[in-house]
Amino acid sequence: MSATALPDAPVATASAAHVTPASAMPDVLPAVRPRGRVLTFIRRYPTIFAGGLLLAVILFIAVAAPLLGTTDPTALAPAKRTREPSMLYWFGTDMLGRDIYSRVLYGARVSLIVGFSVALLASVIGMVIGLVSGFVRWADSVIMRVMDGLMSIPPILLAIALMALTRGSVGNVVTAITIAEIPRVSRLVRGVVLSLREQPYVEAAVASGTRVPLIIWRHIVPNTLAPITVQATYICASAMITEAILSFIGAGTPPIIPSWGNIMAEGRALWQVKPYIVFFPAVFLSLTVLAVNLLGDGLRDALDPRMAKRV
Amino acid sequence: MLGYLTRRVLATIPVMAIVALFVFSLLYIAPGDPAAIIAGDQATPADVERIRAGLGLDRPFLIRFGEWLWQVLRGDLGVSIFTNLPVTRLIQQRLEPTVSLMVLTLILSIIVAVPMGVLAAWNQGTWIDRVIMVLAVFGFSVPVFVVGYLLAYVFALDGFGLGLDWFPVQGYTPLARGFGPWLSNLVLPSVALGGVYIALIARITRATMLEVLSQDYIRTAKAKGVGSRTVLFLHALKNAAVPIVTVIGIGVALLIGGAVVTESVFAIPGLGRLVVDAILRRDYPVIQGVVLLFSFVYVLVNLGVDLLYTVFDPRIRY
């Protein structure tokens, strides 16, 4: 994992080399054009760009949902139920006459909130557990046995078991998925911590009497950020799918909330005759997950070149 | 080897104990009153009390856990709140479709994914590699129920009018009624369920193969004139087997989670359906039983994978 620190080194020396001659010989170095920088970035990290752009569009849709020609996503209109997609109802209406276009757009909010919250919470909690596990010997074996146990329960089933005992709400869905995701982050952080502890600069810090909290803050945490960021994007993607699955089977967000999983669950009974009810949320869910996955793959290649060669 | 086997089998006991403890203690650590939530909104106080007593929530945690664990060890997973039938019987009735679906998916995925990964690694950097890797990203991104509906729409309902309606839309035919009908009902669910799994295995296969193909002995084999197919499948793949087998084992968790959804999409009366129905009725003993069973299977699969290492790599000695 020491490779995560490597990419910084050449960049730092390069910019240092730029500074000295630039002040002495101003005409030698060509001016950097901002447009060139953007193009270079796109060329170097096409997946980050594609994923980021797609995610930005979906984020915009979620935030600006009220401004995008939507109506109240929960407004019932029984007289206009199961209308096929048309100029009036872009994505059609469901069996209660609700406008699917509006429901799908508002559904982006639920998916993004769940995805981002789970990614953030699981990373932070997993990081704390991983740090404790990597530094406190006696706690390590206990924590890791518990994590082994948790990891033996397939994540979706774990979330289902948790949801069966609580009332459906976005908060409970986030909690359930977070608990299911924590073991993997803890393991990752623990692994990084254990390998970093053997690094000469950490040993030097220990030898010179630096206190453990400061070592963790200054030397360990910064080096775990890159792998955790990559892991967090994958957690975000899998949390969105898990949320949709939970809602789809009736164990997720309450039916009143227009989430993609809920819309698909409602369209399930009619899907053979009215496939569009299932189709539109399915496309949006897939595209959002794709965006996050692309971002994750790109970040992995950019942040950890050694990993990139392997996977 | 025997010593290792014993140690490895013994090591699964604490893991299973923690799984059991966790699945059991959920009843106690869940916010609010689980008895009231399970009973539902229309329940009378008497109903809630009956469920509380039925789940043993009125007795101390440790005593109840001891009793429950003893029951489970004797093969008794309790009684369903909704149907009043033993959970073990409900599971037995639903076992065949789920086992069929998962085994078929497993076989199908390995047959498709491993050659895909090998092909991508062999043609690294070419359009073949790119196409396979793009497919893998899509496999990770498109959720199993989306693939399921799409496949059913095209290959069962003939939604696009392509004349490809080869398979039944939904349902399950027991194996006892013939291999053909059994298989035709399971093809679409297996392909849908296999999507993520194939992506996962193909990626790992490609990555490991790339590493192995850069080894000296591969160059030697090529230099002495061994055919590329022999090099790939005999020299390289065998040496890449350990990580691939590991990921196949870990990925079984995806299959289990995905089976729950796939069975809902294709109306297969298996364990996944059982869990989904149990959730809608908040039948916790059933959920508990199925989660325990699946976790147990998952642990066993990964135990098996650990033992397989020695087959693929004789250098691994325990």
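The values are calculated or read from the model by the stated rules, or taken from the named source; none is laboratory data. If you're wondering where the values come from, they're calculated on a predicted model, not measured in any experiment. Glycine gets a Cβ as well: all are built from the backbone with ideal geometry, and neighbour counts include every protein chain shown. Ligands, DNA and RNA are stripped out before the accessible areas are found, and what is left, the full protein with its side chains, is counted by its heavy atoms. Shrake-Rupley method; radii C 1.70, N 1.55, O 1.52, S 1.80 Å.
For this structure, a couple of remarks:
- Residue in the stretch A:131-140 that is more than 11 Å from chain B (Cβ to nearest Cβ) and not in a helix (DSSP H, G or I) present: yes
- Candidates A:Ile263, A:Ile257, A:Ile241, filtered to the one that is of a type outside the set (Asp, Glu), open to solvent by 10 Å² or more (accessible area, probe 1.4 Å) and touching a Pro at 6+ places or on another chain (Cβ under 6 Å): A:Ile241
- Residues of the stretch A:141-171 that turn out to be assigned to a loop (DSSP other than H, G, I, E, B) and either more than 20 Å from A:Leu188 (Cα to Cα) or at pLDDT 90 or above (or both), as a count: 6
- Each residue in the stretch A:158-202 was checked for being under 28 Å from A:Ala226 (Cβ atoms), within 14 Å of another protein chain (Cβ to nearest Cβ), open to solvent by 10 Å² or more (accessible area, probe 1.4 Å) and charged (D, E, K, R), and 2 of them qualify.
- Qualifying residue in the stretch B:58-68 (condition: within 14 Å of another protein chain (Cβ to nearest Cβ) and out of contact with any Ser or Thr (no Cβ under 6 Å at 6 or more places or on another chain)): no
- Residue match in the stretch B:223-239 (condition: away from chain A (no Cβ under 14 Å), open to solvent by 60 Å² or more (accessible area, probe 1.4 Å), among the hydrophobic types (A, V, I, L, M, F, W, C) and touching a residue at least 60 places away in the same chain (Cβ under 8 Å)): yes
- Test for B:Tyr309: is it in a helix (DSSP H, G or I) and at pLDDT 85 or above: no
- Some residue of the stretch A:238-248 being closer than 30 Å to A:Thr71 by Cβ, among the charged types (D, E, K, R), part of a loop (DSSP other than H, G, I, E, B) and in contact with a Gly (Cβ under 8 Å, 6 or more places away or on another chain): no
- The stretch B:56-80, residues that are of a type in the set (Lys, Arg) and either in contact with an Asp or Glu (Cβ under 8 Å, 6 or more places away or on another chain) or loosely packed, with under 11 Cβ neighbours inside 10 Å (or both): B:Arg74
- Verdict on A:Arg218 being of a type in the set (D, E, K, R), assigned to a helix (DSSP H, G or I), modelled with pLDDT of 85 or more and buried (at least 22 other Cβ atoms within 10 Å of the Cβ): no
- Residues in the stretch A:113-133 that are open to solvent by less than 10 Å² (accessible area, probe 1.4 Å) and closer than 16 Å to A:Thr253 by Cα: A:Val114, A:Gly115, A:Val118.
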